[in-house]
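Peer 1: Below: one structure in structure tokens.
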Amino acid sequence: MKMNKYRAVGAAVLMSMVFSGAALAARHHYQVIGEGYGHDRDQAYEAASYYANRSCYLGWGESTQEETILVEEFQPSSGYWYVKLSLGCFSDD
């Protein structure tokens with residue numbers, strides 16, 4: 001009978017430690033930058049979006065899908081479009 005009581009107390013303590021750790025987890029929001037070139041604006045945007053998402057996921061983050069275009073320009077010297085964008089990311093501790 002005593003052994004079951006100790007097991008119950010031990011399980012309760014273990015569960016409280018697990019759940020209190022989850023309650024203390026913090027969510028961090030940050031921005032990553034993606035840059036891309038392309039023959040047209042859409043190709044440049046897709047490349048920039050790809051690199052921003054890649055950066056977010058490689059940093060153990062998850063994308064918020066909120067993109068802000070910072071630069072979008074045709075570069076006459078190269079004949080390519082250039083896009084630079086910011087992507088929102090978050091990660092949990």
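The values are calculated or read from the model by the stated rules, or taken from the named source; none is laboratory data. All values derive from a computational prediction rather than experimental measurement. Every residue, glycine as well, gets a Cβ built from its backbone with ideal geometry; the counts of neighbours run over all protein chains shown. Quick note on the areas: whole protein, heavy atoms, side chains included, nothing else; ligands and nucleic acids left out. Shrake-Rupley method; radii C 1.70, N 1.55, O 1.52, S 1.80 Å.
Peer 1: Conditions first: (1) under 15 Å from D40 (Cα atoms); (2) surrounded by fewer than 12 Cβ atoms within 10 Å (Cβ to Cβ); (3) not aromatic (F, W, Y). K84 passes all but one, so which condition is the exception?
Peer 2: Only one criterion in (1) under 15 Å from D40 (Cα atoms); (2) surrounded by fewer than 12 Cβ atoms within 10 Å (Cβ to Cβ); (3) not aromatic (F, W, Y) is unmet by K84, namely (2).
Peer 1: Of everything in the stretch 65-80, what is open to solvent by 100 Å² or more (accessible area, probe 1.4 Å) and on the phi > 0 side of the Ramachandran plot? Give them in sequence order.
Peer 2: Result: Q65, single match.
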